[in-house]
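Computed from the coordinates by the stated procedures, all read-outs in this text should not be read as laboratory data. Not measured: the values here are computed from a predicted model. No Cβ is skipped: glycine too gets one built from the backbone with ideal geometry, and neighbour counts run over all protein chains shown.
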Amino acid sequence: MKVALSIAGSDSGAGAGIQADLKTFTSLGVYGCTAITAVTAQNTQEVSSVFEVTPECIAKQIRSVILDMPPDAIKIGMVYNKPNIETIRRVLKGSKVPMVLDPILSAGTGGKLLLPEAFESFKADLIPLSTIITPNRIEAQKITGIQIISRSDIARAARKIKNLGAKNVIIKGNHFEKKQVADILLTSEGRLIEISNSKLSSEEMHGTGCNFSAAITAFLARNFSITDAFKLANKYVRDSLQNALKIGKGLLVSNPASSMYDYASRYVVLKGLRCAIEDIETSDNFGILLPETQSNIAFALPDARDLDHIAAIKGRIIKIGDTARSASSMVEFGASKHVGSALLAYMTVNRLVRSAMNIKYDEKIRKITKAVFKVSNYDRSKEPRHILKKEGMSIFWGIKYALAKNPEAEIIYHKGAIGKEPMCIIFASNPAEVVNKIRIILKRY
């Protein structure tokens with residue numbers, strides 16, 4: 001496993017600094033180590049105090065990591081004062097490991113994280129160490145003295161920073177158009193590469209810069225090129241911004257672990273569905289319980305909010321003789337409107353119920369289910385007119401209506417209406433439990 005070292009300050013609110021770096025390294029498959037330069041007392045509203053770590057302690061932290069678990073890339077973030085800068089330069093001078101320098105001059109909440117008297121030392125001692133430096137527009141203006149208004153200003157500022165010793169320069173967060181934000185890379189060969197994205201929010205966010213520079217570090221540790229690391233980090237941070245958290249009373253906090261959690265959840269959902277489909281297809285006589293309109297089995301992400309967060313079989317489960325077969329080998333998110341809507345409705349009452357499947361309704365099935373399970377129902381003839389007029393709302397209304405009568409219902413049925421086939425929907429926490437419940441019905445049918 002690749003190793004990355006972050007030399008930076010500790011953020012007690014965990015939105016930036018060492019804590020944000022470790023979240024990013026872990027999310028991107030890199031083992032994260034740390035050397036803490038300062039301990040800050042901060043939250044989403046302010047930095048209330050900074051407690052300095054001695055240069056000797058910083059040096060020992062860096063050396064202890066390098067001696068035992070040599071990093072594949074190093075990130076330098078908050079350094080705070082001149083003695084720390086001189087120590088870091090001395091310890092890392094001559095290192096061949098890629099280094100990412102993130103100029104932490106102040107916090108998003110306004111607190112100073114680099115003392116004014118340390119600024120010139122920062123430029124002279126740390127910029128020449130950097131494989132890549134990642135200032136935002138304000139930081140680039142501070143470093144160069146160039147007022148950045150246009151793309152040509154960005155190019156001039158980047159070249160001036162490169163002349164200070166940085167091999168590659170990224171200037172982030174440039175707003176040349178109202179609804180666009182651009183990050184621009186000046187490579188060691190002198191090429192300018194721009195990535196523009198639509199602006200996600202007018203609110204400032206805490207931790208974005210740390211996440212970006214840590215992502216660059218992680219991708220360099222994994223042997224990606226500078227340009228590829230730039231592109232991948234840009235996409236990664238955009239995902240973390242799209243899932244930003246309102247944790248405190250101040251700034252939004254970017255969420256660097258969101259993609260890891262989402263990918264893991266989606267994998268579990270898709271794997272669970274595929275196993276359930278295999279069980280359905282190998283169960284004798286399973287097809288006799290399928291309705292004329294066919295069936296589907298769905299499994300939702302833990303925090304499902306719409307149909308795109310619910311996976312099902314593309315093309316449904318069909319009846320062939322007395323057996324059941326999936327019409328397609330594909331399992332996709334957003335593939336079921338009927339069962340998916342029922343599941344969304346159920347999850348508004350109980351979020352632990354994340355899977356469902358529809359089977360046919362008849363009096364024999366009704367009697368079996370009432371004897372074994374907790375059951376509820378709804379009458380489609382009682383559906384309000386305003387619900388009837390809204391496409392796709394009938395099932396959602398019906399499930400909520402049935403759950404109001406019995407919030408613990410495992411099976412909900414309706415007896416149909418004009419042009420609507422009677423139906424049962426079986427609910428459980430996962431697809432395996434849904435299939436087991438249907439097998440119980442099948443044995444008694």
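Observations
- HN-Hα J in Hz across the range 128-136 - Karplus 6.51, -1.76, 1.60, θ = phi - 60°, x for Gly and Pro: x, 6, 7, 6, 8, 10, 10, x, 7
- Coordinate range of the alpha-carbon atoms in the range 117-157 per principal axis, descending: 29, 24, 14 Å.
- Each of Thr227, Thr323 has some number of other Cβ atoms within 10 Å of its Cβ, and from fewest to most they run Thr227, Thr323.
- Taking Ser121, Ser341 and counting other C-beta atoms within 10 Å, the order from fewest to most: Ser121, Ser341
- For Asn43, the residues 5 or more places off, or on other chains, whose built amide H falls under 5 Å of its own are Ser48.
- In degrees, nearest ten, helix 394-405 long axis to first principal axis of the chain (Cα): 80
- Its Cα gyration tensor gives the range 84-135 an equivalent ellipsoid; the semi-axes, largest first and in whole Å, are 21, 13, 8.
- Kirkwood Rh in Å, taken over the range 271-367 so that all alpha-carbon pairs contribute: 13.6
- Amide H to amide H, with H built 1.01 Å from N, Ser295 comes under 5 Å of Ile317, counting only residues 5 or more places away or on other chains.
- In percent, rounded to a whole number, the relative contact order of the range 19-89 is 28, using alpha-carbon pairs under 8 Å and six or more apart.
- In plain terms, the chain from Met69 to Ser381 could stretch by 105.4 nm, reckoned as 0.36 nm per residue minus the Cα-Cα distance.
- Compared with the alpha-carbon gap, the fully stretched path from Arg266 to Ile288 is longer by 4.8 nm at 0.36 nm per residue.
- Other-chain or far-sequence residues with amide H under 5 Å of Asn136's (modelled H): Lys172
- Percentage relative contact order, the chain, counting C-alpha pairs under 8 Å, at least six apart: 11
- Rg [Å, one decimal], Dmax [Å, integer] - the chain, C-alpha atoms: 28.5, 84
- Residue exposure proxy: Met69, Met99, ordered by other Cβ atoms within 10 angstrom of their Cβ from fewest to most, comes out as Met69, Met99.
- Between 0 and 90°, nearest 10: helix 363-372 axis offset from the chain longest Cα axis: 60
- Contact order normalised by residue count of the range 369-441, Cα under 8 Å, 6+ apart, percent: 31
- The phi torsions of the range 80-85, fed into the Karplus equation with coefficients 6.51, -1.76 and 1.60 and a -60° offset, translate into couplings of 6, 9, 5, x, 5, 4 Hz, rounded to whole numbers, with Gly and Pro shown as x.
- All-pairs Cα distance distribution in the range 91-203, expressed in whole percent, bin size 10 Å: 14, 44, 33, 8, 0
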